[in-house]
1. Considering each residue of the range 550-572, count those that are modelled with pLDDT of 85 or more and either touching a His at 6+ places or on another chain (Cβ under 8 Å) or of a type in the set (K, R) (or both), and give that number.
2. Report whether or not I439 is open to solvent by 30 Å² or more (accessible area, probe 1.4 Å) and either in contact (Cβ under 8 Å) with a residue 40 or more places away in the chain or small (G, A, S) (or both).
3. Inside the range 564-618, counting only strands (runs of 3 or more DSSP E) that do not spill past its ends, which hold 1 or more residues that are surrounded by fewer than 19 Cβ atoms within 10 Å (Cβ to Cβ)?
4. Quick check on this structure: which one of G37, G12, G29 is touching a strand residue (DSSP E or B) at 6+ places or on another chain (Cβ under 9 Å) and on the phi > 0 side of the Ramachandran plot?
5. Just give me the residues in the range 407-421 being open to solvent by less than 20 Å² (accessible area, probe 1.4 Å) and either in a loop (DSSP other than H, G, I, E, B) or at pLDDT below 95 (or both), in sequence order.
6. Restricting attention to the range 60-103, and to residues there that are within 25 Å of the chain's Cα centre (by Cα) and among the polar types (S, T, N, Q), which single residue is farthest from Y47 (Cα to Cα)?
7. Take I171 and decide whether it is closer than 30 Å to I58 by Cβ, part of a helix (DSSP H, G or I) and touching a residue at least 24 places away in the same chain (Cβ under 8 Å).
8. Under the condition of being surrounded by fewer than 20 Cβ atoms within 10 Å (Cβ to Cβ) and hydrophobic (A, V, I, L, M, F, W, C), which residue from the range 382-406 is nearest to C350 (Cα to Cα)?
Amino acid sequence: MERRYPLLLQPGRMGSIEVDNRVIMAPMGTLNADENGFVTDRTLKFYQEQARGRMGMIIVECTYIDDKLSKGEDGCQGLTSNAQITGMARLASTIHDYGVKAVLQLCHIGKQLALADHVESLGPSTMNEMMMGIVPFPIRGASKAEIKEIEKAFADAAYRAKMAGFDGVEIHGAINHLINMFCSPFYNKRTDEYGGSPENRVRFYKEIIEAVQKKCGKDFPIIARVNGNEFSGEQGITAEEGIIQAKILEKTGPVAFHVVGGDYRNVRVINAQYDQRGDFIEIARGFKDAGIKLPIILDGGFTSPDIAEKALADGVCDFIGLGRPIIADPLWAVKLMENRPEDIRPCIRCTMGCVNTIAKFDAAYGLRCSVNPLCNMAGIRDIRPVEKKKKVAVIGGGPAGCEAALLLKKRGHEPVIYEKRKLGGTMNEAAFAPFKEDITRLIDYYRTQVNKQDIKVIHEEATAEMILEGDFDAAIVATGAPALPATAVGAKEHKDKIQTVFDFASHPDVDALGDTVLIVGGCFMNLEMAYDLLLNGKTVIVSSRRGLERGQMELGDDNSSPQQQRLMVLMAPYTRSGKLKFELGQAATAITDTGVVLTSMKTKKTKEVSCDNVIMCRSYHGKPKIYDALREQMETYLIGDAKMRNRCDNKRVIHHAIEDAWGIANMI
């Protein structure tokens, strides 16, 4: 059988580590360890699920190296004592059982986030960093004695990993953790041998690698995870500095570089929907062009095998690092081996399951995935056998309806989908802009799977009478939540200049809009729409009732999610240039010939803001009447956004719909 992705499936080598293919699972924190950092049964089950995907190597998640300041979150795993070797040995064996190489990532967190209320942050220099531009965040500079203690802790942890049977270790020197902080001029203001020049700033990293080699032997493989460009100008590591530091590290003898970019100030460390897929290709290309010979594992939004295969074909890297795409579909590599890439459940780069908001991050909620309800739930969400085959009407073909129908079919039921439009539901509107291509790929996935599973789809609006007369045993109502109409004083008289966000997303004709557009409402999709209009040359005003206390921090669904933070970073230049303006703490109360009347939520004073067009969001409302009509007469369930009374108060996203659907479809 001729393989469509021969380079991804080609064997490779990093030092003494031979791998069966070029797909590498990048480290993803699961928070499955116990309170003392020991491996748990849940850890083993998670990695067993991943290893079944038969990628070439799994780089196991960030593991702290001492019991002082290196731990980053409750639930992180550690390797600070010999007592932890037993669990780590079981973990390495679990991965090896599937022919997959196991490498353990070792890390000192440096700057604390989740534990900041009771654990101090350590860095190269004492400073106050302004978090999100407004909150002073204290960091204490490490003493030389602490530097030596940390170097020893890395070496000791690496030796324990070797004793546990891991094929090597990865030293985490990126993503604004302690080693990266030493490498970056933004954090490193030292004047001794660990600060100043790029050569001095990388010294700490170099000495850690040397300490590991001394403890474990030079034949024990070390992968160096490096930040090749922080994209912060002269404040951070530039592309040129990244190459200088990599060349110094290359001489110490690691077997590969694991290349990433960005920092937490520009939120480019986590490739979002608005970023180019394969975002760090130019960093790796720069390494290769500069004569760096070490194999390169490259991360950065490789959400489709086509992009990954091209990166290998172009010679910019030697291995592809996949974190979120693997948790979206652990069988990513297997499906390539079987020539069925269309069956890969795509990562949508939303960050709302894997990273989540700061509140859930602090609460050690644990690793999940918006599109994969089975992620990190092995042994908990197991597919139940069918007790009695049922014919089930699934009313609505959005993500909830499609997910429910697919699982019902897999379990042996007979689902029938009713969808008055095209499959995908409001995901079709969510994919309104080119930068929302990830949502389009999820729509395509569901359409392909529904078709391949031969699930009947009736393109009509279902009525209670149709369902009751259709010989169904059960019904699942997944009709979503329709948008409320755009209403305000003067809206009828000026109907040609006002529309809802939903209506514009259904037919996003930017050319039909005037030069200045006012968007009413500060929710997340409104901000995305504002960004799309800015990219198309429009001047945009966003008005919102929110913002009286914390300004723009109150906009969107949760300003602490990486996706939304990245969006705000990308829109900031437009604010500085005057192309984007926020009218916060204002209610849109009337539409006029020349614009919109805004009323202050605080003073009740009014003002008129000029604009050519108005795009308004008054929320979305679920609770469909068909559910009430059916539930008294047959087995009926309500899932997805159809459960939502008002989205302003009940913020639901794709993963809520998919989880709802999976749970109900597994129960019927």
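1. 1
2. Details: open to solvent by 30 Å² or more (accessible area, probe 1.4 Å): no; either in contact (Cβ under 8 Å) with a residue 40 or more places away in the chain or small (G, A, S) (or both): yes.
When the stated conditions are applied, I439 does not pass them.
3. Details: elements: 580-584, 586-591, 595-600, 606-610, 613-616.
Once the strands (runs of 3 or more DSSP E) in the range 564-618 are filtered for at least 1 residues that are surrounded by fewer than 19 Cβ atoms within 10 Å (Cβ to Cβ), what remains is 580-584, 586-591, 595-600, 606-610.
4. G37
5. H413, E419
6. Residue satisfying both the conditions and the ranking: S70.
7. Details: closer than 30 Å to I58 by Cβ: yes; part of a helix (DSSP H, G or I): no; touching a residue at least 24 places away in the same chain (Cβ under 8 Å): yes.
It is false that I171 is closer than 30 Å to I58 by Cβ, part of a helix (DSSP H, G or I) and touching a residue at least 24 places away in the same chain (Cβ under 8 Å).
8. Pass one, the range 382-406, residues surrounded by fewer than 20 Cβ atoms within 10 Å (Cβ to Cβ): 382-391.
With the extra rule that they be hydrophobic (A, V, I, L, M, F, W, C), the set shrinks to 383, 386.
Working: I383: 26, V386: 33 Å.
Within the range 382-406, the match that is nearest to C350 (Cα to Cα) is I383.
The values are calculated or read from the model by the stated rules, or taken from the named source; none is laboratory data. In this text the structure is predicted, and so the values were computed from the model without any measurement. When we count neighbours, we look across all protein chains shown, and the Cβ atoms used for this are built from the backbone with ideal geometry, even at glycine. Note: accessible area is taken over every heavy atom of the protein model, side chains too, but ligands, DNA and RNA are not part of it. Shrake-Rupley method; radii C 1.70, N 1.55, O 1.52, S 1.80 Å.
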